[in-house]
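Structure first, then comments.
The values are calculated or read from the model by the stated rules, or taken from the named source; none is laboratory data. Please read these numbers as outputs of a predicted model, since none were measured by experiment. Every residue, glycine as well, gets a Cβ built from its backbone with ideal geometry; the counts of neighbours run over all protein chains shown.
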Protein chains: 2
Amino acid sequence: MKVVVLAGGVGGAKLADGIARILPPEDVTIIVNTGDDFEHLGLTICPDLDTVMYRLAGVANDETGWGRAGESWRTITELAALGGPDWFRLGDLDLATHLVRTQMLREGETLTAVTHHLCQKLGIQVSVLPMSNQPAPTQIQSGETIYPFQTWFVHEKWQPPVTKVVLPEDVRATRAVIRAFETADLVLIAPSNPFVSVDPILNVYPIRALMMDLPQAVIAVSPIVGGAAVKGPAAKMMQELGLPHTSRAVAEYYGELIDGFVYDTQDAGSCDDLEVATRCLDTMMYTEADRIRLAGEIMQFAEEMLRG
Amino acid sequence: MKVVVLAGGVGGAKLADGIARILPPEDVTIIVNTGDDFEHLGLTICPDLDTVMYRLAGVANDETGWGRAGESWRTITELAALGGPDWFRLGDLDLATHLVRTQMLREGETLTAVTHHLCQKLGIQVSVLPMSNQPAPTQIQSGETIYPFQTWFVHEKWQPPVTKVVLPEDVRATRAVIRAFETADLVLIAPSNPFVSVDPILNVYPIRALMMDLPQAVIAVSPIVGGAAVKGPAAKMMQELGLPHTSRAVAEYYGELIDGFVYDTQDAGSCDDLEVATRCLDTMMYTEADRIRLAGEIMQFAEEMLRG
């Protein structure tokens, strides 16, 4: 079964890793949000791509959820001493990724080609694709203020209440992304933030239309467990955007886009009467074993759906 | 006595440091070659400015002569693993300087302002000025090939024979540089490479004319000791450019520009009949004490010249 995973950061990276560990690499494509990419200190930084790549390569930092294991902070500490900005914590190993990427982009390579290069060097066998080669910056509107995503997310520690998530118009998917959808049997929406991780992908033309029109099954995994986000601002944003902060509300938010919905055992029973197929699973992924187990259970659910 | 020092890299930085340690900071201006600045990995790197700043700040690497003491190499090692170029060795601490500088330049600051900022953060009290705010790239012609300076110097390890040093036209000095010359009592040409460290400064309009016209004394210190360069390609270049690789030839190369010439005791007697005032001194600067001693002896020579 050919599987496409739509992934944001930490949760997306974990599910992507579970899927990558149980399927042949040629059957797995991870399409990653680039809406929170930004230019910082002259570097092109792609936080979600990096989180996914580092996780798949087995070099992710398990404590922080982002960045590299065994990271050091020599450059950023000295940079702060020299009066530079250190609100975005760039580790010494992580910096190498940004320097190589920025250099290759400046030489005219596409983000898709750069990501392919980095994945090869990191020993990643599944296909990891940025949703687009064009910049597609997500912005956060809070009252009268519009924040670039990382300013809101990291600098402001996602505290300013969200009035609206502003996504760019006219961003187009790459040929590789379109082909992945066209050949997929199953699209998994990872347990990522629906508004700032998944919507930016769906917003890329023609991804939403492809997902609506093509015959593949679409299964979303809830990022909300017991009324709270496993990590990050998803639950807080749901409240601020006038939605209940529940798994059920996530399923309803995706609406007709999805054919199946996976939610956590902590919310057992809350999604029984949805119009889509549902499966209640232990969705918490603390360890590699958790990631492999959950991926297997989701694939089993998908196979039952596709057979049924 | 107000002193201007024209400095390239290692030797220039050492003499500048000696002078800075014996004169009041307000009386010392170091004007630094920026001809070997270059863009690398998207960063604006100014090797001579950095060598001078690190030396003056007491954080220079005494073993290499360039870069920071206590340096580490986490980023460049990882960068090489990711397929990036590592021929120019960027240390983790050093990287912070390049990131801050590049960011400030991108925000519209001049190189003079950026250098002032970095010097303040590094606790440097004397004035350190880039020769120009404009890019002024030195190129090395070797037969039919023209190399950007760092490609020849670092990547090619200065091995291709030099046919010609190609300096850019129409580079202008900053107001701060011109004012430093106008108020100086003494200009010291540090023991730097005449062709690729000093000439690029003299080539900046109107520095050579100012030095010829203004009444201040100009003293050059020979970078050639016993027929060899203390460090780097100066002696090799002299041969390739058809000059004897001697202290005397350095004095003759500077010609009417200089009023005094300091050369090493290893070459005692070789410069006795020059038309300029000469002083034979131990010019080797292994330690801080050497730098202070030599600077003091040169200042004594200058005072005698100016009185005389």
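Just a few scattered comments:
- Every residue from the range A:70-94 that is more than 30 Å from A:Arg172 (Cβ to Cβ) and outside any loop (DSSP other than H, G, I, E, B): A:Arg74, A:Thr75, A:Ile76, A:Thr77, A:Glu78, A:Leu79, A:Ala80, A:Ala81, A:Asp92, A:Leu93
- Residue match in the range A:10-21 (condition: within 27 Å of A:Pro168 (Cβ to Cβ), at pLDDT 95 or above, within 14 Å of chain B (Cβ to nearest Cβ) and out of contact with any helix residue (DSSP H, G or I) (no Cβ under 6 Å at 6 or more places or on another chain)): no
- Restricting attention to the range A:113-156, the residues being out of contact with any Leu (no Cβ under 6 Å at 6 or more places or on another chain), outside any helix (DSSP H, G or I) and over 16 Å from A:Phe38 (Cβ atoms) number 12.
- Of the listed requirements (1) farther than 29 Å from B:Thr283 by Cα; (2) touching a Cys at 6+ places or on another chain (Cβ under 9 Å), B:Tyr205 misses just one: (2).
- Among residues of the range B:201-215, those that are closer than 18 Å to B:Ala16 by Cα and not β-branched (Val, Ile, Thr), counted: 1
- Residues satisfying the stated conditions in the range B:33-69, i.e. closer than 30 Å to A:Gly108 by Cβ, hydroxyl-bearing (Ser, Thr, Tyr) and in a loop (DSSP other than H, G, I, E, B): B:Thr34
- Selected residue (criterion: surrounded by the fewest Cβ atoms within 10 Å (Cβ to Cβ)) from residues of the range B:98-112 that are over 14 Å from B:Val32 (Cβ atoms) and of a type in the set (D, E, K, R): B:Glu107
- Evaluated against (1) more than 14 Å from chain B (Cβ to nearest Cβ); (2) in a helix (DSSP H, G or I); (3) aliphatic (A, V, I, L, M), A:Met104 falls short on exactly one condition, (1).
- A:Leu49 more than 9 Å from chain B (Cβ to nearest Cβ) and buried (at least 21 other Cβ atoms within 10 Å of the Cβ): yes
- Some residue of the range B:250-261 being closer than 25 Å to B:Leu214 by Cα and more than 20 Å from the chain's Cα centre (by Cα): yes
- A single entry from B:Thr112, B:Thr77 fulfils the requirement of being hydroxyl-bearing (Ser, Thr, Tyr) and in contact with a helix residue (DSSP H, G or I) (Cβ under 7 Å, 6 or more places away or on another chain): B:Thr112.
- Here the range B:8-45 is the region considered, the condition is being closer than 21 Å to B:Gly91 by Cβ and of a type in the set (Asp, Glu), and the residue that is surrounded by the fewest Cβ atoms within 10 Å (Cβ to Cβ) is B:Glu39.
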